Amino acid sequence: MSSGESFFVTTPIFYVNDVPHIGHAYTEVAADVLARWHRQRGDDTWSLTGTDEHGQKILRTATANGMAPQEWADRLVETAWKPLLQTVDIANDQYIRTTDPAHERGVQAFIQQLRDDGHIYEGVYEGYYCVGCEEYKTRDELVETADGDYAGELLCAIHSRPVEILKEKNYFFRMSDFQQQLLDLYGSQPDFIQPESVRNEIIQFVSQGLEDLSISRSSFDWGVKVPWDESHVVYVWFDALLNYVTAIGYGDPQRVEEFRRRWPAVHLVGKDIARFHAVIWPAMLMAAGLPVPKRVFGHGWLLVGGEKMSKSKLTGIAPQQITEAFGSDAFRYYFLRAITFGQDGSFSWEDLSARYQAELANGFGNLASRLIAMIARYRGGAIPEAEIDAEIAELAARVTADADDAVGRVEIHQAIAHVWRLVDRLNLYITEQEPWVLAKDAARARRLDQVLATAAHGLGALAVLLSPVMPKATARLWTALGGEGAVQDVPLLQATEWKAQTTGSVQALEALFPRIEEPEAGAA
Ligand code: MSP
């Protein structure tokens, strides 16, 4: 079944100044679950991720490590950022690097068009800049401290480090022209920015008035050259945002159709960079006469010990610390289930461990093991052909529809919670129906058939519905259920009709979520 509807989802492109932590993996996983879900429901899906490799921050990091920036970026991409995708089992369609020549050409085509259409002028920028944020700052965004190493200096509130004072001849984008159009956009397309808290903050920010944006730098040269003035490079954010369109062919006359088919996108970003995506980016697109994004979703932060996790504060946790102990499926499930998508969430090893045990091992995993073992023992492995209890059939159909609606609203935690209603109900159903008691009474063989068929009906639907979240465990479960082909090829909205794509016989299943050795305590 193919609805053919286009669904294009993106993650931010990550700075290659450092290696990934679980905050970065969180966005990757969320985007991947959305992409897998849409792909499986038959939508014309495209998922994009990548790395942001230009700008002063990367240049300084490379220099500090005695390397040329390109060499540094190549190394980080190959040893850290691409491997992250394996670690958390991402099935992205494309990986973009801002140093890709096709991207650089697209950036130049875009900026030239804006220049030709009168949206760019030359001026002098005088003000503050935080290299950590790669962002121009106003005075009221800075904090002053009376003590410590930086006493008396103006610090970036996010990085707690001094900002730099710039005075440069720059090219400016007339962003202020777009204030009203942006406010109209937020008003007419209420789900353009999600969640509500981020939307309100953006509307308030834009309502206060917009300044023009400096979009070039001339004091260093690690970036895309401004086509009409090669002594300037394009401002790193202006360059980076364009990845979303250059990836799918913007600026390439050979790829016009592809661009038209895929654009606009759903952007998943951390709330700290929502402003770039919901203000600067749509203004750039409006100036170029291109459609604005479908949606910008600003998710919350992962907190460790109550603070935004970060490498510089030494609270960074590498994704593989978790996946090595619990597996990639548990990683994906845990972060998307335990944290309301859009809100901040605290990470702790204890909580992860408790949910793994209760929800994955005892909840879903045990349901699968018990049922498959009973079908093997009582029916020689053949899933009985029998009437399905209406209550379970209805619930399975309802959670399929409810989860799909929730994914459509980017409420990923809610989608999983809906599916879990079926996990919990099936566990209870088996306890209530006591198949092991029915099995002792030959007169109740028909009822045993119905109970096993009903529970299997639900379990097969779970394999299909949970495959976007836990691809590995559900692939194993699918094989154990006699599935033919790959579970992700079973159309999602027909999850309850899974049996037609199986042999009808079960095979042995090793525990989906085995008991684990406690991971090293104190790692967080
Ligand atoms: N390069 C820019 C994005 C350009 S997109 C056109 C950038 N890169 S980043 O590597 O610094 O951050 C990427 C993403 O990671 C951001 O969305 C940020 O919110 C997210 N996170 C960084 N720390 C995080 C947590 N502790 N928790 C959740 N997300 C976090 O910004």
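The values are calculated or read from the model by the stated rules, or taken from the named source; none is laboratory data. Just so we're clear, the structure is a prediction, and the values are computed from it rather than from any experiment. Neighbour counts are summed over all protein chains in view; Cβ atoms, including those assigned to glycine, are modelled from backbone coordinates with ideal geometry. These accessible areas exclude ligands, DNA and RNA; they are computed on the full protein's heavy atoms, side chains included. Shrake-Rupley method; radii C 1.70, N 1.55, O 1.52, S 1.80 Å.
Aspartates and glutamates near Lys440 by alpha-carbon distance under 15 Å, same-chain residues fewer than 8 away left out - which ones?
Leaving aside aspartates and glutamates fewer than 8 places away in the same chain, those within reach of Lys440 are Asp449.
Give me the percent of the accessible area of region 316-359 that comes from carbon and sulfur atoms, probe 1.4 Å, all protein chains in place.
41
Please report, as a whole percent, how much of the solvent-accessible surface of region 132-192 comes from carbon and sulfur atoms (probe radius 1.4 Å).
Carbon and sulfur: 47 percent of the exposed surface of region 132-192.
In region 390-486, carbon and sulfur make up what percent of the accessible area (probe 1.4 Å)?
About 53 percent, which is the carbon plus sulfur part of the accessible surface.
Quick check on the chain: helices-only [θ] at 222 nm, where DSSP H runs of length 4 and up contribute -39,500 (n - 2.57) each and the sum goes over total residues. Nearest 500, please.
Calculated at 222 nm, the ellipticity per residue is -13000 deg cm²/dmol.
Cα-based Rg (one decimal) and Dmax (whole number) for the chain, in Å?
In order Rg, Dmax, the Cα atoms of the chain give 26.0, 90 Å.
Using only protein heavy atoms and a 1.4 Å probe, report how much of Val469 is accessible, in Å² to the nearest 10.
10
Test of understanding: express the Cα radius of gyration of region 330-422 as a ratio to 2.2 N^0.38 Å, with N the residue count.
1.32
Give the residue from Phe513, Val469, Ala495 lying farthest towards the positive end of the charge dipole for region 444-524; charges sit on Cβ (+1 for Lys and Arg, -1 for Asp and Glu) and the dipole is referred to the Cα centre.
Farthest along the dipole direction, towards plus: Ala495.
When the solvent-accessible surface of protein heavy atoms is calculated with a 1.4 angstrom probe, in what order do Ile516, Ile13 fall, highest first? Before the final figure, lay out the partial values.
Values: Ile516 45, Ile13 20 Å².
Accessible-area ranking of Ile516, Ile13, largest first: Ile516, Ile13.
State whether region 54-154 is rounded, prolate or oblate according to the following rule on the C-alpha gyration tensor (a ≥ b ≥ c being the square roots of its eigenvalues): a/c under 1.5 gives rounded; otherwise a/b larger than b/c gives prolate, and the remaining case gives oblate.
Here region 54-154 falls in the oblate category.
At a probe size of 1.4 Å, how large is the accessible area of Tyr429, to the nearest 10 Å²?
Spelled out: Tyr429, probe radius 1.4 Å, area about 0 Å².
Do any of Lys167/Lys271; Lys82/Lys308; Lys271/Lys294; Lys82/Lys225 go past 20 Å between their Cα atoms, and which?
Beyond 20 Å: Lys167/Lys271; Lys82/Lys308; Lys82/Lys225.
In Å and from the alpha-carbon atoms only, list the Rg and Dmax of region 314-472.
For region 314-472, the Cα-based Rg and Dmax read 17.7, 65 Å.
Helix 390-408 versus the longest principal axis of the chain: what is the Cα-based angle in degrees, 0 to 90, to the nearest 10?
Tilt relative to the chain: about 10 degrees.
What percent do you get for the relative contact order of region 365-524 when only Cα pairs under 8 Å and 6+ apart count?
Details: 202 pairs, mean separation 49.9, N = 160.
Taking the mean separation of contacting Cα pairs over the length of region 365-524, I get 31 percent.
Under a Cβ-Cβ cut-off of 13 Å, what is the net charge of the residues other than Ile392 that fall near it, where Lys and Arg count +1 and Asp and Glu count -1? Don't jump to the answer; show the numbers that get you there.
Working: positive: Arg398, Arg421, Arg425; negative: Glu387, Asp389, Glu391, Glu394, Asp424, Glu432.
That works out to -3.
How would Thr454, Thr61 rank on accessible area, largest to smallest, probe 1.4 Å?
Per-residue accessible area, sorted high to low, gives Thr61, Thr454.
For His232, what charge total do you get from the other residues with a beta carbon under 13 Å from its beta carbon, if Lys and Arg give +1 and Asp and Glu give -1?
Counting the neighbours of His232, the net charge comes to -2.
For Tyr171, Tyr250, Tyr128, write out the residues from largest to smallest accessible area, computed with a 1.4 angstrom probe and no ligands counted.
Numbers: Tyr171 10, Tyr250 30, Tyr128 55 Å².
Largest to smallest exposure gives the sequence Tyr128, Tyr250, Tyr171.
How many Å² of accessible area per residue for the chain, probe 1.4 Å?
41
Taking the chain as the reference, fit the longest principal axis to its C-alpha atoms, fit the long axis of helix 328-338 to the helix C-alpha atoms, and give the angle between the two in degrees, 0 to 90, nearest 10.
For helix 328-338, the angle is close to 80 degrees.
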